[in-house]
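The values are calculated or read from the model by the stated rules, or taken from the named source; none is laboratory data. Keep in mind that this is a model prediction, so the values were computed, not measured. Counting neighbours? That spans all protein chains shown, and the Cβs are built from the backbone with ideal geometry, glycine included. What goes into the accessible areas is simple: the full protein's heavy atoms, side chains included, and nothing from ligands, DNA or RNA. Shrake-Rupley method; radii C 1.70, N 1.55, O 1.52, S 1.80 Å.
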Amino acid sequence: MSVRGDVPALSPEVAAAFDGIGAPARGVLLSVRELIFTVAAELPGTGGVREYLAWGQPAYRPLRDGVGTAVRLGEHGPGTPALLVHCRTSLIQDFRSVAGHMEFSGRRAVLLGPGAPLPLAELRIMIELALSYRGR
């Protein structure tokens, strides 16, 4: 799946992290990665995003200090791709109010079906909420 926007090449470290994820989940997460860069480009307050590794997983944080919180991509159990956020935010609760029909795990993860179409509209809103998050 291609999402519009400029998506930078993977650094060797981030590429290695994606390579450690099984093929079906990896494809889903690479598509979510594209969406993260697209959404960040549409949010001028973020200044874009920085891609790095956190807990060994690809992570994305706004370039501007004091704006938003990091989003990580990884597996929640073998073969289950997930978008992860800091558990001490209210983001998963906020995400549930936007997309209650989706599957969540605790206060940290949005689970994505590796064989199902990506819910792009819902993910776009979730990414926007995370990248513009202000602690409450």
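Kindly evaluate residue 61 against the criterion of being of a type in the set (Lys, Arg), without any contact (Cβ under 8 Å) to a residue 40 or more places away in the chain and over 17 Å from residue 39 (Cβ atoms). Judged against the criteria, residue 61 is not a match.
When we screen 80, 89, 69 for residues that are polar (S, T, N, Q), touching a His at 6+ places or on another chain (Cβ under 6 Å) and farther than 23 Å from residue 12 by Cβ, the only hit is 69.
Within segment 68-114, restricting attention to residues that are of a type in the set (A, V, I, L, M) and in contact with a Lys or Arg (Cβ under 6 Å, 6 or more places away or on another chain), which residue is surrounded by the most Cβ atoms within 10 Å (Cβ to Cβ)? By that ranking, first place goes to 84. In segment 1-42, the qualifying residues are those that are closer than 20 Å to residue 68 by Cβ, in contact with a Leu (Cβ under 9 Å, 6 or more places away or on another chain) and modelled with pLDDT under 95, and the one that is surrounded by the fewest Cβ atoms within 10 Å (Cβ to Cβ) is 5. Checking each residue in segment 43-63 for being open to solvent by less than 40 Å² (accessible area, probe 1.4 Å) and within 16 Å of residue 73 (Cα to Cα) picks out 49, 54, 57, 58, 59, 60, 62.
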